[in-house]
Amino acid sequence: MTSQLPGEVRRYVDMWALPGVHPTNIEILQQLKTADTHHFTKNMDVVGTVSEQDRESQRWKKTHLLGVRTDIWRPDKKEMTDSLNSLKEKRRLELKKQIKRGGRLDSKQAAQLDEQLEQDLLMQTETGEIEKRRLVLKLFKTTGTRVRWCGTIEEVTTSEVHNSIGSNRTLLTTAVMLPRSEFVTSIQENHRTFRFPSIFTFCFYDDHRMWHLSLKQRWFSLGVDFEVEVEKNRSENWMANSSRLGRIVSCDSTSTH
């Protein structure tokens, strides 16, 4: 392994394939339920840990926990049914207004509405055909017996849809919220024609200025590994401000190197 740069921080994210049966999950859940934070709710499950490498001993120490909101990541059948019924009711009102803007429909208009509803694709949709989930991950720092919220990263589906349509490729868009910060940081996956590994870019406001960063997934690595770059064409800022970068990236669950 190469030597660390001054101020460089190396982190390793361990995401569990089966969080519900992970041997340490029960103990961690009990710890989080008594945590001094309202960000860990009953609808959250621990799905992984973050470890940081000690600069002197080179050993890895677990410093953070990752939780996912299961209620919106894996919605139950009742929630899916309610969502579909709501969509169908809105569609019915739209079609009704196209026939008559207000008031009750007469028999001829009602028959016309029934015919349109029967042919409408949305009205024919079944519960299993809709997709209603969104990823919300929360990062918690563990210090002995205390657990505190460190940040939240969540999927922004509206931006994902129009970005993916425009690039003809599935692109991820997320928003990051950090404690004691008035700003929401948007992280955008970018489309590069001749580069398959993901590249994410974002900007971060700190110390009265904007910092422009990129997260580049390495071409070859054991697992998914990202490199963090700060203002590529102003490399002198990396050395001068590397300690600040370590603090900025520490709450970003996608920055794992």
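All of the numbers you see were taken from the coordinates with simple rules; none came from a lab. Note that this is a predicted model, so its numbers are computed, not measured. Please note: Cβ atoms are built from the backbone with ideal geometry, for glycine as well, and neighbour counts cover all protein chains shown.
Descriptive notes on the structure:
- Panel note: the C-alpha atoms of the stretch 86-129, placed on their principal axes, show extents of 35, 17, 12 Å (largest first).
- Span from the the stretch 76-127 Cα centroid across to the the stretch 135-177 one, whole angstrom: 34
- Amide H contacts of Asp206 (H built 1.01 Å from N, under 5 Å, at least 5 apart or other chain): Trp211
- For the stretch 86-129, size of Cβ-based charge dipole, Lys and Arg +1, Asp and Glu -1, in debye: 420
- Amide proton proximity set for Asp225, modelled H, under 5 Å, gap of 5+: Arg218
- Here the simple spin-label model places points 7 Å from the Cα toward Cβ, and for Leu135 and Met177 these points are separated by 1.9 nm.
- For the stretch 10-15, 3J(HN,Hα) per residue [Karplus equation, 6.51 cos²θ - 1.76 cosθ + 1.60, θ = phi - 60°, Hz, x = Gly/Pro]: 10, 10, 10, 9, 10, 9
- Ascending count of other beta-carbon atoms within 10 Å, so fewest first, for Cys203, Cys150: Cys203, Cys150
- Placed amide H near Thr63: partners under 5 Å, 5+ positions off or other chain: Val50, Ser51, Glu52
- Here the Karplus relation 6.51 cos²θ - 1.76 cosθ + 1.60, evaluated at θ = phi - 60°, turns the backbone of the stretch 77-86 into coupling constants of 4, 4, 5, 5, 5, 4, 5, 5, 4, 5 Hz, with x for every Gly and Pro.
- Residue exposure proxy: His208, His191, His39, ordered by other Cβ atoms within 10 angstrom of their Cβ from fewest to most, comes out as His208, His191, His39.
- Among Glu56, Glu189, Glu227, sorting on how many other beta-carbon atoms sit within 10 Å of each Cβ, with the fewest leading, yields Glu56, Glu227, Glu189.
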